[in-house]
Amino acid sequence: MKEPDRINHMPIDNLKYFLNSKILMNYGFENILIFVNPQKINFKEIDNLSNFEQKKYSVNLERIIDDEKFTESKGLEGFVEIQVKLEDINTVKKI
């Protein structure tokens, strides 16, 4: 995995800053709580794509449905997997 490039910011960099973290993300018309699990994202493949190709690429993220259950089970329960295009990941805030 390449380090996030702050000068030539690529779409995948929005997630690289928050690996193994819970983040609040604007998705459509709602804010959703997700966990960025680096084991479910193919960074080697994504890093070789152009900016346009990265925007169209979909990644698997863990949408946290029950935060208490997710925390107690150490990330094994309380979530559903969702696919999100990198271009749809706009505003994120670490929780």
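General observations
- Close amide H contacts of Ile65 (hydrogens built in the peptide plane, cut-off under 5 Å, sequence separation of 5 or more or a different chain): Phe79, Val80.
- Max mean-square fluctuation residue, GNM over the chain, Cα-Cα springs under 10 Å, options Ile46, Ile32, Ile64: Ile32
- Average accessible surface for the chain: 64 Å² per residue, computed with a 1.4 Å probe over protein heavy atoms with every protein chain in place.
- Per residue of the chain, the DSSP helices (runs of n ≥ 4 H) give a summed -39500 (n - 2.57) that works out to -4500 deg cm²/dmol at 222 nm.
- Label selected from [x] 3, 14, 23, 20, 14, 11, 8, 5, 2, 1; [y] 2, 12, 14, 13, 10, 10, 9, 8, 7, 5, 3, 2, 2, 1, 0, 0; [z] 3, 13, 25, 26, 17, 10, 5, 1, the criterion being P(r) over Cα pairs in 5 Å bins from 0, in percent as computed here: [z]
- Annotation: amide H-H contacts under 5 Å for Ile95 (H modelled 1.01 Å from N, sequence separation of 5 or more, or interchain): Lys22, Ile23, Leu24.
- Atom-type composition of the exposed protein surface of the chain places 48 percent of the accessible area on carbon and sulfur (1.4 angstrom probe).
- Linear extension gain, Ile65 paired with Phe29, 0.36 nm per residue minus alpha-carbon span: 11.3 nm
- In a DSSP loop and with at most 16 other Cβ atoms within 10 Å, the GluC sites (Glu not before Pro) in the stretch 1-86 are Glu77.
- Excluding exposed DSSP-loop trypsin sites (Lys or Arg not before Pro) (at most 10 other C-beta within 10 Å), longest clean stretch of the chain: 7-73
- Using the Cβ-Cβ distance between Leu49 and Glu72 with R0 = 25 Å, the FRET efficiency computed as 1/(1 + (r/R0)^6) comes to roughly 0.10.
- Taking θ as phi - 60° and the Karplus parameters 6.51, -1.76 and 1.60, the scalar couplings of the stretch 71-80 work out to 5, 5, 8, 6, x, 9, 9, x, 9, 10 Hz in sequence order, x denoting glycine and proline.
The values are calculated or read from the model by the stated rules, or taken from the named source; none is laboratory data. In this text the structure is predicted, and so the values were computed from the model without any measurement. All Cβ positions, glycine included, derive from the backbone under ideal geometry; neighbour counts span all protein chains shown. Just so you know, the surface numbers come from the protein's heavy atoms only, side chains and all, with ligands and any DNA or RNA stripped out. Shrake-Rupley method; radii C 1.70, N 1.55, O 1.52, S 1.80 Å.
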